[in-house]
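All remarks here apply to the structure that follows.
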Amino acid sequence: MQVWLDGRVMPVEEARISPFDRGFLFGDGVYEVVRFFDGVGMAMRLHLERLERSLALAGIEGFSAPEAERVMHAVMRAEGLRDAAVYLQVTRGAAATRTHIPPTGLRPTVFAFASACAPLSALDQAAPIAVVVRPDDRWHRCEIKTISLMGSVLPMLEAARMEAEEAILVRDGLVSEGSSSNVMVVRGGAVVTPPIDMDPSILHGTMRHLALEAARAEGLIADVRPLPVQEMLQADEIIIVSSKRVLAGVTRLDGRGFGDGEVGPVAHRLIRRMRDGVQAHLAAAR
Ligand code: PDD
């Protein structure tokens, strides 16, 4: 496997990161995951804007969004992939020793790799997904896409124990987001999802943005407002969106069947709209 580390592509066996890297010692870094179809990054502009915002909010200097795009394409090329998910991580860099206050002049550590994913034709249907509902014990700055992810890993350990693939996180009776996704529900003709500027905030999801556009294009009401967990449990459909999965429909919740146990019709309509959007983008890029 070929990866990107500190300015070049190399075999993963050659990749070396200092144990004093602040990403390792403090989880002091940010990341992005971008899905590529036929070599074109889905919602790339939104990903790059979010990366810029995460870097600025984290105060990490010395790496920019245009560089990120070049790095992602470089790892795709190195692996000979056209349909993939690319992970890119930027830490504050390696210091000489462990101090909470970072020394000045650190050079960020940039790591990226690509993994093969299904092609665009897989977006003909929304996949089924099993979820659990767990308390949101994460920090209050979830608009920063930080690599400090224990608050997301712990609920996922519980999800795995129940053979579920995602944990929907709830704070003060309100749905915030999934451990690595955003959450939407369908009620009648409306798609309801929590606002990104909640207090505490949630991640400005790129697929959330595209799914809301798709809902409007389908003639549905995009209802962005706080979502009580009770309302989610009584919804017609629960939908999970993220770059890795694009869009999935909940069929099991907390170990029991949800709804009629099938992915709902709105989930399928939304993912097909999103697929059509990617197709149009690919055609325009050619
Ligand atoms: N996760 N919320 C959280 C907490 C996330 O980690 C993610 C993405 C999302 C969805 O964002 P987007 O639609 O832009 O991918 C929401 C990525 C995929 C991951 O950690 O693998």
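The values are calculated or read from the model by the stated rules, or taken from the named source; none is laboratory data. Computed from a predicted structure; not experimentally measured. When we count neighbours, we look across all protein chains shown, and the Cβ atoms used for this are built from the backbone with ideal geometry, even at glycine. Heavy atoms of the whole protein, side chains included, go into the accessibility calculation; ligands, DNA and RNA do not. Shrake-Rupley method; radii C 1.70, N 1.55, O 1.52, S 1.80 Å.
Mind listing just one residue for me: the one in segment 62-87 that is in a helix (DSSP H, G or I) and not aliphatic (A, V, I, L, M) and, of those, modelled with the lowest pLDDT? For segment 62-87, the residue satisfying everything is 66.
Restricted to segment 37-57, and to residues that are away from the ligand (no atom under 13 Å from the Cβ) and within 22 Å of residue 282 (Cβ to Cβ), which residue is most open to solvent (accessible area, probe 1.4 Å)?
Quick first cut of segment 37-57, residues away from the ligand (no atom under 13 Å from the Cβ) only: 37-40, 52, 55-57.
When the remaining residues are screened for being within 22 Å of residue 282 (Cβ to Cβ), the result is 37-40.
Working: 37: 1, 38: 54, 39: 15, 40: 38 Å².
Result: 38.
Looking at 138, 161, 171, can you tell me which residue is more than 20 Å from residue 245 (Cα to Cα), surrounded by 15 or more Cβ atoms within 10 Å (Cβ to Cβ) and more than 12 Å from the ligand (Cβ to nearest atom)? Outline the logic, then answer.
Numbers: 138 fails: more than 12 Å from the ligand (Cβ to nearest atom); 161 fails: surrounded by 15 or more Cβ atoms within 10 Å (Cβ to Cβ).
The unique qualifying residue is 171.
For segment 256-265, indicate whether the set of residues that are within 16 Å of the ligand (Cβ to nearest atom) and of a type in the set (A, V, I, L, M) is non-empty. Scanning segment 256-265 turns up no residue that is within 16 Å of the ligand (Cβ to nearest atom) and of a type in the set (A, V, I, L, M).
Being away from the ligand (no atom under 15 Å from the Cβ), open to solvent by less than 60 Å² (accessible area, probe 1.4 Å) and touching a strand residue (DSSP E or B) at 6+ places or on another chain (Cβ under 9 Å) is true for just one of 60, 17. Which residue is that? Let's see the steps before the verdict.
On the way: 17 fails: open to solvent by less than 60 Å² (accessible area, probe 1.4 Å).
The match here is 60.
Mind checking whether some residue in segment 187-201 is away from the ligand (no atom under 11 Å from the Cβ), touching a Cys at 6+ places or on another chain (Cβ under 7 Å) and in the same structural domain as residue 272 (by TED's automatic domain parsing)? Looking through segment 187-201, at least one residue is away from the ligand (no atom under 11 Å from the Cβ), touching a Cys at 6+ places or on another chain (Cβ under 7 Å) and in the same structural domain as residue 272 (by TED's automatic domain parsing).
Listed residues 96, 114, 126, 84; which is surrounded by fewer than 19 Cβ atoms within 10 Å (Cβ to Cβ) and either under 18 Å from the mean Cα position of the chain (by Cα) or hydrophobic (A, V, I, L, M, F, W, C) (or both)? The conditions single out 96.
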